[in-house]
Amino acid sequence: MAEMNQTAAEYTKENPFVATLVENRNLNKEGSAKDTRHLVVSLAGSGIEYTVGDSLGIFPTNHPDVVSAILARLKTDGREPVVLAEGDEPISFQEALETRLALASPNKKILEGLLDFASDETDKAKIKDLLSRENREALKVYLAEREIPDLLEDYPSVEIPAQKLVALMRKLTPRLYSIASAPTQHPEEIHLTVAVVKYTTNGRERFGVGSTYLSDRCPLNEPTLPVYVAKSHFRLPEHGDQDVIMVGPGTGIAPFRAFLQEREATAAKGRNWLFFGDQHASCDFLYEEDLKAFQERGVLQRLDTAWSRDQDFKIYVQDKIRENGEAIWEWLEGGAAFYICGDASRMAKDVEAALMDIIQTYGGPAGPEAKHYLRRLRQEKRYQKDVY
Ligand SMILES: Cc1cc2nc3c(=O)[nH]c(=O)nc-3n(C[C@H](O)[C@H](O)[C@H](O)COP(=O)(O)OP(=O)(O)OC[C@H]3O[C@@H](n4cnc5c(N)ncnc54)[C@H](O)[C@@H]3O)c2cc1C
């Protein structure tokens, strides 16, 4: 009898599907300060279904140099068994460091734990000083600039058994990426648009775990990438004849590429308007060819771009939105849905402020009423955000 296959519904965060990365291409051109990857993940054989607007959760593996640094400092080959939580099956310390534990962003608890294993008075005094009430701000800065190996190096007298360190560490969590493809066009694969996170702190180059796993360490054409689909509230309008306005600078473009593919595949009659932005038109125009082709095929009616560093002053998507205030207002009054995807820390707030200005300026009621208008859009699912 043939072995029973798992059904797609069984693939979850707790039981991910082991997918295969089949394409990994830089979307930025020469001269760019950025590295943004177009990645194609094959779901062949999984039966997994997804909807545009969903995200893909991936379980990354930590950078091997960081794992090695911890093993070397603790003078172990990593083969000793450890348990992550009481009652768990033991796994090797090395495996725990590679795939299960967060090696970056240490917290206060770890430092407190290390104090118990420091034998040298100078080390103890340094840790106690950082943990003192007066040094709360300094502690924040200190921890933000360090990963676990930095801490172990800072206090050479600390001798901590593997299991004790494991108990102090946080779990490595899966990373989410907005899906950049539509199942109607790519039923057995998922496309992602991933900004590679690399930076330097405490004099060392750091590698964002999820993004650099995908860009640099995940092998191509081998089933090694555990994934699951994370369902989202971020959805196209139910009716294809509704217009949509999409604001997606940088990697915020991802779900809108999926939206456009879906609108094309379903022959949706509503108009599509995209605001995209990044640093330079010449090297940071992600999916330029795709977007121009959507325009030529009549899928994308309007495309406005904001290049922040192509002139002496900065231009962002919110500036382009303000410039087009009257037309945006007309689209909204005609029933359009407004979407924002990308950076939550500044962009989404600035775009929302621009939208509020438009509501107030063009026919909209002033003051708190504009908030009311936005609330109504939200209730009607005509104002949606996928920001991170
Ligand atoms: C719903 C959702 C959808 C998303 N979609 C996408 C997407 O489509 N594309 C995409 O690229 N990302 C997306 N993200 C973000 C993504 O999940 C990860 O957070 C991102 O890739 C960084 O993860 P990482 O593991 O590479 O970095 P991590 O190892 O998590 O490191 C990131 C951390 O490093 C620190 N850091 C980063 N830069 C610096 C710096 N310059 N200086 C000092 N410290 C710094 C910060 O503490 C930051 O939190 C999405 C997130 C969510 C929640």
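The values are calculated or read from the model by the stated rules, or taken from the named source; none is laboratory data. Fair warning: this is a prediction, and the values are worked out from it, not measured in the lab. Counting neighbours? That spans all protein chains shown, and the Cβs are built from the backbone with ideal geometry, glycine included.
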Answer yes or no as to whether I160 is more than 29 Å from the chain's Cα centre (by Cα) and of a type in the set (A, V, I, L, M). yes
If you scan segment 227-269, which residues turn out to be touching a residue at least 60 places away in the same chain (Cβ under 8 Å) and on the phi > 0 side of the Ramachandran plot? G250
By residue number, the members of segment 211-232 that are part of a loop (DSSP other than H, G, I, E, B) and crowded, with 18+ Cβ neighbours inside 10 Å are C218, S232
Selection from segment 124-138 of residues of a type outside the set (K, R), part of a helix (DSSP H, G or I) and either in the same structural domain as Y199 (by TED's automatic domain parsing) or farther than 27 Å from A96 by Cα (or both) yields A125, D129, L130, L131, E134, N135, E137, A138
Take the residues in segment 333-349 that are surrounded by fewer than 16 Cβ atoms within 10 Å (Cβ to Cβ) and charged (D, E, K, R); name whichever of them is modelled with the lowest pLDDT. E333
List pairs: first residue in segment 298-309 and within 14 Å of L286 (Cβ to Cβ), second residue small (G, A, S) and crowded, with 17+ Cβ neighbours inside 10 Å anywhere in the structure, Cβ distance under 6 angstrom, at least six positions apart or on different chains. A306/G277
Can you tell me which residue is surrounded by the fewest Cβ atoms within 10 Å (Cβ to Cβ) among those in segment 75-102 that are basic (K, R) and in a loop (DSSP other than H, G, I, E, B)? K75
Only residues that are of a type in the set (S, T, Y), within 16 Å of the ligand (Cβ to nearest atom) and farther than 23 Å from N272 by Cβ: list them for segment 211-254, please. S211, T212, Y213, S215, Y228
Looking only at helices (runs of 4 or more DSSP H) that fall completely inside segment 311-365, which ones have 1 or more residues that are of a type outside the set (S, T, N, Q) and in contact with a Lys or Arg (Cβ under 7 Å, 6 or more places away or on another chain)? 347-361
Which is outside any loop (DSSP other than H, G, I, E, B), within 30 Å of F234 (Cβ to Cβ) and not aromatic (F, W, Y), of A19, A72, A44, A33? A19
Could you tell me how many of the residues in segment 338-363 are out of contact with any helix residue (DSSP H, G or I) (no Cβ under 8 Å at 6 or more places or on another chain) and either touching a residue at least 40 places away in the same chain (Cβ under 8 Å) or on the phi > 0 side of the Ramachandran plot (or both)? 1
Return the residues of segment 8-45 that are surrounded by 19 or more Cβ atoms within 10 Å (Cβ to Cβ), of a type in the set (S, T, N, Q) and touching a helix residue (DSSP H, G or I) at 6+ places or on another chain (Cβ under 8 Å); say none if nothing qualifies. T36
The condition of being within 30 Å of L377 (Cα to Cα), of a type in the set (D, E, K, R), crowded, with 18+ Cβ neighbours inside 10 Å and within 16 Å of the ligand (Cβ to nearest atom) holds, among R257, R263, R271, only for R257
